[in-house]
Amino acid sequence: MSHFPNPEEYSLKQSLSHLEQLPSYTKAFILKKAKGVYLYDIDENKYTDFDLNKGTIFTEHSPKRLTKFIKNVLSSGLSTCGFYHKFTFKAQKYWKKITDFNHIGFHASFIEMILAVINTLDINKAKICIGYTTQNLYLQLLPLSNIISLKKINPSQEITGIDLLLIEEFNDDLEITKINNSTVPIIKIHSRFLFRAQGIKKEISFESEYLHFITSSPFGGKSIGILASNVPIDYAPASFDDGILYLEGAKLWSSLSLSSIIKFEHPQFDCYQGFAKSHIDLDTHFFLKRGIYLQENILYFSPHHTKHDFRRLKQALNEYFTLMSNDILDQK
């Protein structure tokens, strides 16, 4: 039976034996299952997930509500067969209500979406230049570096020398991204912060002059992408299993209540509605020993996190910052 570990009993014996064979793998353990807001590894350790796939999981891993829809997909068939089917047909109706755009396209990945937009723009260059505003976007664009050039952009300044601009709602310092006048197409990427920012909802609304790409992992960690636009952009018919995610993702997001997103408070953090940023980097391994999974210096919260989850988080954070102030973290 998996349980929250403590530093004295924490072990990754099986995980490490596998990870030694995967030297480029960056995760700290081998995942056995994800359920609710908890992760379970093959060494019987349980962790409260405060990373939530970099914030793209808005509620929980593998919710029960999806079970009957998976059965529906299996009964319909898993291959695309080149048709636009009932799931994407219904999903488009839902997403049009959420975004109020004329065209809703579905993409199985971020890269697929970028290529579809490039093809639609029909830019007559051997290598187009894409501007980006955050490190997260840069890392997602890197696989295309052989056919595009990349340029870091400050959107509040004059924008020149690019063919397409990608922005997130917040920049790397978690400040709201402000856009200066621009003559190039802009794609606003909603992934980690959409519906998490009560009080600044207007700032991240779906402005009609942009293309909007909504990325998330609402069910079981599988990423989906929805492109909202006032101009048509080609996309391939989605498979049945992707189609059901587009549909159920829309139902989930349309039912979210901003008031249910948790506000976290801690003196060492800049705290927002649904997420918080530490003033210093956090050591992932330190928190794993205490049954908490997080990465770098940002925490993402779900309405499914309990008071007990937050008590354990604050206890671990207080211990961490105390050790940091005494410069003895390496011993723990």
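Brief remarks on what is shown
- Among (1) surrounded by fewer than 20 Cβ atoms within 10 Å (Cβ to Cβ); (2) modelled with pLDDT under 85 - the single one Glu60 does not satisfy: (1)
- Members of the stretch 215-237 that are closer than 30 Å to Leu31 by Cα, modelled with pLDDT of 85 or more and of a type in the set (A, V, I, L, M): Ile226
- Candidates Asn318, Asn326, filtered to the one that is more than 26 Å from Ser11 (Cβ to Cβ) and polar (S, T, N, Q): Asn326
- Checklist (1) surrounded by fewer than 15 Cβ atoms within 10 Å (Cβ to Cβ); (2) modelled with pLDDT of 90 or more applied to Asp43, failing item: (1)
- Scanning the stretch 133-183 for residues that are within 17 Å of Leu227 (Cβ to Cβ) and of a type outside the set (Asp, Glu) yields Leu137, Gln140, Leu141, Leu144, Leu164, Leu165, Leu166, Ile167.
- When Gly105, Gly55 are checked against the criterion of being assigned by TED's automatic domain parsing to the domain that holds Phe206, in contact with a Phe, Trp or Tyr (Cβ under 6 Å, 6 or more places away or on another chain) and at pLDDT 85 or above, a single residue qualifies: Gly105.
- The stretch 296-326: number of residues that are among the polar types (S, T, N, Q), surrounded by fewer than 17 Cβ atoms within 10 Å (Cβ to Cβ) and in contact with a Ser or Thr (Cβ under 6 Å, 6 or more places away or on another chain): 1
Residue-wise test of (1) closer than 21 Å to Thr59 by Cα; (2) of a type outside the set (Val, Ile, Thr); (3) outside any strand (DSSP E or B).
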position: Glu265; (1), (2), (3): yes, yes, yes
position: Asp270; (1), (2), (3): no, yes, no
position: Ala276; (1), (2), (3): yes, yes, no
position: Leu282; (1), (2), (3): no, yes, yes
position: Asp309; (1), (2), (3): yes, yes, yes
position: Leu317; (1), (2), (3): no, yes, yes
position: Tyr320; (1), (2), (3): no, yes, yes
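- Set side by side, the residues Glu158, Glu203, Glu207 differ, and just one is in the same structural domain as Ile118 (by TED's automatic domain parsing), at pLDDT below 85 and outside any loop (DSSP other than H, G, I, E, B), which is Glu203.
- Here is the figure for the stretch 135-170: residues that are over 18 Å from Leu211 (Cβ atoms), of a type in the set (A, V, I, L, M, F, W, C) and either over 21 Å from the mean Cα position of the chain (by Cα) or surrounded by fewer than 17 Cβ atoms within 10 Å (Cβ to Cβ) (or both) total 4.
- Among the residues making up the stretch 10-29, those that are in a loop (DSSP other than H, G, I, E, B) and at pLDDT 90 or above are Tyr10, Ser11, Leu12, Phe29.
The values are calculated or read from the model by the stated rules, or taken from the named source; none is laboratory data. Keep in mind that this is a model prediction, so the values were computed, not measured. Glycine gets a Cβ as well: all are built from the backbone with ideal geometry, and neighbour counts include every protein chain shown.
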